[in-house]
Amino acid sequence: MSDWIIRPATEADLAAIMAIEHECFPEDAWSQDNMHFELLAHHTEYFVAVRGELVVGYAGLSKVPASDQGDVQTIAVLPTARGLGLGRALMDALLTAAKRLHAREIFLEVRADNPVAQSLYFALGFEHIDTRKNYYQPAGVDAWIMRLTPPQRSIGREPVVLGIESTCDETGVGIVRGTTLLANIISSSMDEHARFGGVVPEIAARAHLEALKPTLDKALAEANLSLNEIDAIAVANGPGLGGAVMVGVAAAKALSIATGKPIYAVNHLVGHVGVDILERGQVETPTVALLVSGGHTSLLLVRDLLDDVELLGETIDDAAGEAFDKVARVLGLKYPGGPEIDRAAAGGNPNAIRFPRGLTQAKDMEKHRYDFSFSGLKTAVARWVEVAEAKADSGEGDALNIADVAASFREAVADVLVSKAVKACLDHNVPRLLLGGGVVANARLRELAAERCAAAGIELRIPALSLCTDNGAMIAALGAQLVMAGRQPSSLSFGADSTLPVTTVQTL
Amino acid sequence: MGHVLAIDTSAGTSVAVLKNGEALAEVEIADTRSHTESIGNAIQDALSAAGVKPSQIKAVAVGRGPAPFTGLRVGIAAAIMFAEGSGAELFGVISLDAIAKQEFAAQGLANDTAAEQPLLVTSDARRSEHYWALYSGLDRHGVPICIEGPSVNRPADIEAGLTERGIIAERTSLVVSARAIGELFEAQAAAGSLSHDITALYLRNPDAVEPKNLRDFGKKVSG
């Protein structure tokens, strides 16, 4: 495993970058002000290569939104860190950024007397298109102008895909055109579950059946499309509540037959990862994804959205969202517990009570490095409340401080989620983390993830909340990727698979 | 009336294509645990066997049960979306009514006639219970006249209820088929008694106990 990572540069890297700039370009280094401006500008993307704790290289791309050209602004690697593939990795980061920003051509200049760099650029597909005489001063060295024209997708237009989601208590219908979101309508049966303190599968399934048609009609109206303008139908066939998934699958199959459009059965959890496409044009890989909801707590390593998704770990008992719901009940709060506990925790001391962090002790980390457990935590909170109340009743202690309990519990959940996710990134040399699932609505989880990722040099992606909770748009987005990749549609024989593994992105 | 697509998943998976009350094609999958896997191919195969394109289907008739929950929804969800996608009109019929019509036809009962004895139609509701309804005969369009039900009870309780009131009922062992759903639909069309109601007849509440005290959970925790 390599001992370095590439990550987006921040203002804090300026001093380190300038030191490299002066070492690599002693004659014509940029000024610190110039570099500072470049790092902060909206039209640039800068990355640094970090080895150990040291920044040993950097590179930058400029891409003005109005233009379809990208320019490699600069690239440098300290002489002591050359020969490790850092230059190539930095260029890969720039080209990935250029692709995401829809650059159709990428230009760069390279010294005519630098054959090492030239051969790297040739290897990446650049061609030498022009030479500028005496470009580099004061030495008077010529510059080669090189250009890369990435192959464009060959299909004439982007496919319009309708996605159906029904794996838990949300009936979702989304419509995308390629990587563009056209509609995302969600009908939730959450209120019907409130008096039971958790999702009741049969109630959820009944609600799906009733919500299907109105949700589809609303999505079509929002996208201003009719069904015959849809190119393909995608449906989540698991993992999730079996009876709930069945409703969506049966609906999607009949819609496919009636309209003559191909059907794609896609993985709900991978949909949570794929949704990033709708905000950034693609899912940058490799990425670790932490998916947290009332039904799932999963840590995924995604090297390729369609072909290489690995489950690193998951909860061995309750999902994180379930823990919030149950602890909310213990504290006499309403369902769903997440927002209630967030509210109750405001003003509470997160360090007041040290609740257990499941599966984080050394012996557990051997076997369950990326797995989660919230059952013990929930029990610990219940016990603590019981004891505190008994003491208060007998006059031995103060009244129960709900704010402290809520804040401490929330801290324990966020801590263990984020620690394990960051560990997964560092262990696998993956410089980015994507969050998904309804529990992302939790303010403390987002805050702690932002803090720890920044400290570890990991880029954090949190899609808009409407795309984090279960929705049809993510299913449509993943379906559109399959269509654009030329994958064959699913047959009509697939079933609902409540335990569908994440390695099965599409069920054929 | 043009072609009719009839769907029933209250027992197995059953799909038929009819025209003028005649079945052009039928697909029956008896397995009661593979509705989701079967429904797509069943519809596709019935259409192909009948030589009918989805756009030629003018009406979709779906069995509303009563039936155990999970499978029943598969047929109704498929019917809703087939109608949505093809532009066909969507109608619901009660699956037990379709069985009654089939049984009366088998007995040779003429339209607009009361049966000598009422007909008790039952189907398996699982958990040692039966769905049931009682029919007195056929109206003049051949639509069975339901005099009691549909309801869900233990078989012994259904029998006791009939005995108590001195009702001696005929029985049938028929199982619902999409063809019977389609035939009932045609009779209802003639009678002008078609219904757009496609809500599932579960006849039982979801298995979920509302906690008396939402904090019960906390008190039960014992490690």
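Every number in this text was worked out from the coordinates using simple rules, so none of it is lab data. All of these numbers come straight from a predicted model, not from anything done at the bench. Cβ coordinates were reconstructed from backbone atoms using ideal geometry, including for glycine residues, and neighbour counts include every protein chain displayed.
How high is the relative contact order of the stretch B:96-171, in percent, counting Cα pairs under 8 Å that sit 6 or more residues apart?
31 percent.
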Peptide-level mean, for A:233-243, of C-beta atoms on other protein chains within 10 Å: 1
Length-normalised contact order for chain B - Cα pairs under 8 Å, 6+ apart - percent: 23 percent
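Let me know the charge dipole size of the protein assembly as shown about its Cα centre in debye, to the nearest 20, where only the beta-carbon of Lys, Arg (+1) and Asp, Glu (-1) is charged.
My answer is approximately 260 debye.
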Built amide H within the under 5 Å cut-off of B:GLU148, gap 5+: B:LEU134
Within chain A, percent of DSSP bridges classed antiparallel, to nearest 5: 75 percent
Helical contribution to [θ] at 222 nm, DSSP H n ≥ 4, -39,500 (n - 2.57), averaged over chain A, rounded to 500: -12500 deg cm²/dmol
Whole-number percent relative contact order across chain A, with pairs defined as alpha carbons under 8 Å at least 6 apart: 16 percent
Dipole in debye (nearest 20) - the stretch B:96-171, about Cα centre, beta carbon charges: Lys, Arg +1; Asp, Glu -1: 160 debye
Hz values of 3J(HN,Hα) by residue in the stretch A:137-144 - Karplus curve (6.51, -1.76, 1.60), Gly and Pro given as x: 10, x, 5, x, 8, 6, 10, 8
When the convex hull of its Cα atoms is projected in every direction, mean area for the stretch B:96-171 (nm²): 4.6 nm²
Amide proton proximity set for A:ALA234, modelled H, under 5 Å, gap of 5+: A:LEU162, A:GLY163, A:ILE164, A:TYR264
Packing-based order for A:232-238, B:106-112, A:386-392, using average beta carbon neighbours within 10 Å, highest first: A:232-238, A:386-392, B:106-112
Amide proton proximity set for A:GLU459, modelled H, under 5 Å, gap of 5+: A:ARG432, A:LEU433
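Counting partner chain Cβ atoms within 10 Å of every residue's Cβ in B:68-77, what's the average?
Across the residues of B:68-77, the mean count of other-chain Cβ atoms within 10 Å is 6.
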Per-residue HN-Hα couplings for the stretch B:96-101 [Karplus 6.51, -1.76, 1.60; θ = phi - 60°; Hz; x = Gly/Pro]: 5, 4, 5, 5, 4, 4
Point-to-point label distance, A:PHE196-A:THR499, nm (Cα→Cβ direction, 7 Å offset): 2.2 nm
Cα-based helix-to-principal-axis angle, A:402-427 vs chain A, degrees rounded to 10: 40 degrees
Packing rank of A:260-270, A:15-25, where each peptide gets the mean count of other beta carbons within 10 Å, highest leading: A:260-270, A:15-25
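Within the stretch A:312-381, how many lysine pairs that are 8 or more places apart, or on different chains, have C-alpha atoms less than 23 Å apart?
Taking the stretch A:312-381 as the scope, the lysine pair count is 5.
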Relative packing of peptides A:404-413, B:188-197 - highest average C-beta neighbours within 10 Å first: A:404-413, B:188-197
Cα-centre dipole for the stretch A:287-462 with unit charges at Cβ (Lys and Arg positive, Asp and Glu negative), debye to 20: 200 debye
Derived scalar couplings ³J(HN,Hα) [the stretch B:156-167; Karplus, 6.51 cos²θ - 1.76 cosθ + 1.60; whole Hz; x for Gly, Pro]: 4, 6, 4, 4, 4, x, 5, 4, 3, 9, x, 8
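What does the charge count near A:ASP191 come to, summing +1 for each Lys or Arg and -1 for each Asp or Glu among other residues with Cβ under 13 Å from its Cβ?
Overall, the nearby charge balance is -1.
Kindly identify the stretch A:4-148 as rounded, prolate or oblate by the Cα gyration tensor criterion: order the square roots of the eigenvalues as a ≥ b ≥ c, call it rounded if a/c is under 1.5, otherwise compare a/b with b/c, prolate if a/b is larger, else oblate.
In terms of gyration-tensor shape, rounded.
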Charge-dipole axis of the protein assembly as shown as Lys and Arg at +1 and Asp and Glu at -1 on Cβ define it, positive-most pick from A:GLY125, A:SER166, B:GLY21: A:GLY125
Candidates B:ASP97, B:ASP124, B:ASP207: whichever shows maximal mean-square fluctuation once chain B is modelled as a Gaussian network with Cα springs under 10 Å: B:ASP207
Cα shape, chain A, gyration tensor, a/c 1.5 rule: oblate
Average beta-carbon neighbours from other chains, 10 Å sphere, peptide A:256-263: 6
Degrees, to the nearest 10: A:320-330 long Cα axis against longest axis of chain A: 40 degrees
Chain B pair-distance distribution - Cα-Cα, 5 Å bins, rounded %: 1, 7, 14, 18, 17, 14, 10, 6, 4, 3, 2, 1, 1, 0
Contour excess over end-to-end distance, with Cα ends at A:ARG82 and A:GLU447 and 0.36 nm allotted per residue: 127.8 nm
